[in-house]
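Down below is the structure, laid out as structure tokens.
The values are calculated or read from the model by the stated rules, or taken from the named source; none is laboratory data. For clarity, every value in this text was computed on a predicted model and none was experimentally measured. FYI the Cβ positions are ideal-geometry reconstructions off the backbone, even for glycines, and counts take in every protein chain you see.
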Amino acid sequence: MSEDVLVPSLGMALGGSQRVTPVTAGHWQLASEGKYSVPTCANCGTNYWPVSYACYVCGSLEWTWQPVAGTGRVFTYTWIDAPTHPEAGRDNLAVIELDGTKGEPVRVPGWVEGVDDATLVCDLEVQASFKPVADGVAVPYWRPR
């Protein structure tokens, strides 16, 4: 996988981008296979977000990207009403609380497609979908279940 591949930055709807790095490559690779992944401690199995080099539970420095259910609920969200780049429409930023993770609730940033003001609400059940951006690289986003 080339480090020249750009993926949306953490504020996905803001139109920024970041390079795929050796640290993040596993996440994008699993997304290209249709799997949502989070960092997972190799010692105790705790799932977490964001990437951290030490497990917050046991302190282990060993971790890998591991697939999780790819479903969850909207924990919170906001609409971005002012365009942030020339091609931008009205976008949202959401925090999704993932289903079935080990440890404290894992909440990840993303955006939800196929919703409007009336349908994007807290506790909306969502599932991960994936947009290919290069060979072996896809970007996850969320859709209502």
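A few remarks follow.
- Selection within region 76-85: residues that are surrounded by 12 or more Cβ atoms within 10 Å (Cβ to Cβ) and touching a residue at least 60 places away in the same chain (Cβ under 8 Å). The member of this set that is farthest from residue 8 (Cα to Cα) is 80.
- Of the residues making up region 131-145, those that are more than 15 Å from residue 116 (Cα to Cα), in contact (Cβ under 8 Å) with a residue 24 or more places away in the chain and within 16 Å of the chain's Cα centre (by Cα) are 132, 133, 137, 138, 139, 140, 141.
- Taken together, the residues in region 112-133 that are more than 16 Å from residue 76 (Cβ to Cβ) and surrounded by fewer than 16 Cβ atoms within 10 Å (Cβ to Cβ) amount to 7.
- Just one of the listed residues (145, 73, 107) is modelled with pLDDT of 95 or more, exposed (fewer than 12 other Cβ atoms within 10 Å of the Cβ) and basic (Lys, Arg), and it is 145.
- Counted residues, region 3-57 - those being modelled with pLDDT under 90 and assigned to a helix (DSSP H, G or I): 3
- Residue satisfying all of: in region 15-71; in contact with a Pro (Cβ under 6 Å, 6 or more places away or on another chain) and touching a residue at least 60 places away in the same chain (Cβ under 8 Å); nearest to residue 95 (Cα to Cα) among these: 36
For every residue, the table says whether it meets (1) closer than 19 Å to residue 24 by Cα; (2) among the small types (Gly, Ala, Ser).
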| residue | (1), (2) |
| --- | --- |
| 51 | yes, no |
| 63 | yes, no |
| 67 | yes, no |
| 82 | no, yes |
| 100 | no, yes |
| 115 | no, no |
| 121 | no, no |
| 129 | yes, yes |
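- The one condition from (1) surrounded by 13 or more Cβ atoms within 10 Å (Cβ to Cβ); (2) within 25 Å of residue 6 (Cα to Cα); (3) not small (Gly, Ala, Ser) that residue 22 does not meet is (1).
- Subset tally (residues that are assigned to a loop (DSSP other than H, G, I, E, B) and without any contact (Cβ under 8 Å) to a residue 40 or more places away in the chain) for region 86-103: 5
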